[in-house]
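Engineer: Mind having a look at this structure? Questions to follow.
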């Protein structure tokens, strides 16, 4: 049931947007009974909203749906990070700023992060961003998602039901 | 553009954009792929071609350098006039030179089959 819990599962947007939230554990999401907490998507950046030193919200359109994403940029003034080593926090903040500078409307981005909910909608809280230069990367992502779903996720789900 | 909810651009090949197609609807959000055949600088309207099919694309909202015979993808909303002529009002676009269009076409069919399978297994 938890075999992929800490794995960044590659999901197409239409599949991601059907995940259900566990009422017992708000950080846990389920795909056909299989618990998940992290996901990876790839597609066009089609929306972009920056609140400097707070967050960058954007969405990824992979052709099957749009996944909202949030990249936090508040590491240097958030109490959440206050007990961590300042040099580590600075490093995390610098990486986040670098990612934010790369996310622009129209780029093809591969994004990894935690699956979270905000105001009843699913989103990815971003931990990694890679800007894809190869135009075939989208097709490869579709084929990866289809193969993994059929050969892995669906089989694991059947074993949990 | 604010990161509010936005419609996903349905993946469409240019030859599928005819008046009898389910994608050929006023305001439909679509993603198209094709080679740049013409570009009118004055009105920022491009013409994409794929095989014998063509589509006009309004690029006035984009900041994109267009090159003849390069391959582009655009996402936007379809506007259809009274004579059934369509133009895509593009929101985003990019050069995708190097894309394997045969692989894209075949993979799109696999993707559609997969989505249909997944949706039917949910309703079964």
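The values are calculated or read from the model by the stated rules, or taken from the named source; none is laboratory data. Quick caveat: nothing in here was measured; it's all calculated off a predicted structure. All Cβ positions, glycine included, derive from the backbone under ideal geometry; neighbour counts span all protein chains shown.
Engineer: Being under 21 Å from residue B:119 (Cβ atoms) and away from chain B (no Cβ under 14 Å) is the filter here; which residues of the stretch A:1-20 pass it?
Structural biologist: Here is the first cut: in the stretch A:1-20, the ones under 21 Å from residue B:119 (Cβ atoms) are A:9-20.
A:9, the sole residue that qualifies.
Engineer: Also, quick follow-up: Tell me which helices (runs of 4 or more DSSP H) are completely within the stretch A:78-161 and hold 2 or more residues being within 14 Å of another protein chain (Cβ to nearest Cβ) and surrounded by 13 or more Cβ atoms within 10 Å (Cβ to Cβ), or say none if there are none. Explain how you work it out, then say what you get.
Structural biologist: Values: elements: A:86-102, A:137-148, A:154-160.
Correct list: A:137-148, A:154-160.
Engineer: Which ones in the stretch B:1-14 are within 19 Å of residue B:102 (Cβ to Cβ) and either modelled with pLDDT under 95 or within 13 Å of chain A (Cβ to nearest Cβ) (or both)? Spell out the reasoning first.
Structural biologist: In the first step, residues of the stretch B:1-14 are kept if they are within 19 Å of residue B:102 (Cβ to Cβ); the result is B:11-14.
Residues satisfying the conditions are B:11, B:12, B:13.
Engineer: Residue A:35 is checked against (1) over 27 Å from residue B:9 (Cα atoms); (2) outside any strand (DSSP E or B) and fails just one. What number does that condition carry?
Structural biologist: Every condition holds for residue A:35 apart from (2).
Engineer: Which ones in the stretch A:25-53 are at pLDDT 95 or above, surrounded by fewer than 20 Cβ atoms within 10 Å (Cβ to Cβ) and within 13 Å of chain B (Cβ to nearest Cβ)?
Structural biologist: The answer is A:48, A:49, A:50, A:51.
Engineer: Tell me yes or no: at least one residue of the stretch A:21-32 is under 26 Å from residue A:132 (Cα atoms) and touching a residue at least 24 places away in the same chain (Cβ under 8 Å). Spell out the reasoning first.
Structural biologist: Initial filter on the stretch A:21-32 (under 26 Å from residue A:132 (Cα atoms)): none.
No, the conditions are met nowhere in the stretch A:21-32.
Engineer: Give just the number: which of (1) more than 8 Å from chain A (Cβ to nearest Cβ); (2) surrounded by 12 or more Cβ atoms within 10 Å (Cβ to Cβ); (3) at pLDDT 95 or above does residue B:23 not satisfy?
Structural biologist: The one condition residue B:23 does not meet is (3).
Engineer: When the stretch B:72-96 is examined, which residues are found to be over 19 Å from residue A:63 (Cα atoms) and either out of contact with any strand residue (DSSP E or B) (no Cβ under 7 Å at 6 or more places or on another chain) or at the interface with chain A (Cβ under 9 Å from one of its Cβ atoms) (or both)? Explain how you work it out, then say what you get.
Structural biologist: Filtering the stretch B:72-96 for residues over 19 Å from residue A:63 (Cα atoms) gives B:79-87.
The answer is B:81, B:82, B:83, B:84, B:85.
Engineer: Further question: Among the candidates B:50, B:58, which residue alone is away from every other protein chain (no Cβ under 11 Å), at pLDDT 95 or above and in contact with a helix residue (DSSP H, G or I) (Cβ under 6 Å, 6 or more places away or on another chain)? Give the steps one after another, and end with the answer.
Structural biologist: Values: B:58 fails: in contact with a helix residue (DSSP H, G or I) (Cβ under 6 Å, 6 or more places away or on another chain).
Every option except B:50 fails the conditions.
Engineer: For the stretch A:122-142, how many residues meet the condition of being out of contact with any helix residue (DSSP H, G or I) (no Cβ under 6 Å at 6 or more places or on another chain) and over 23 Å from residue A:6 (Cβ atoms)?
Structural biologist: Of the residues in the stretch A:122-142, the ones out of contact with any helix residue (DSSP H, G or I) (no Cβ under 6 Å at 6 or more places or on another chain) are A:122-128, A:130, A:132-138, A:140-141.
Within this subset, residues satisfying the condition of being over 23 Å from residue A:6 (Cβ atoms) are A:132-138, A:140.
Counting residues in the stretch A:122-142 that are out of contact with any helix residue (DSSP H, G or I) (no Cβ under 6 Å at 6 or more places or on another chain) and over 23 Å from residue A:6 (Cβ atoms) gives 8.
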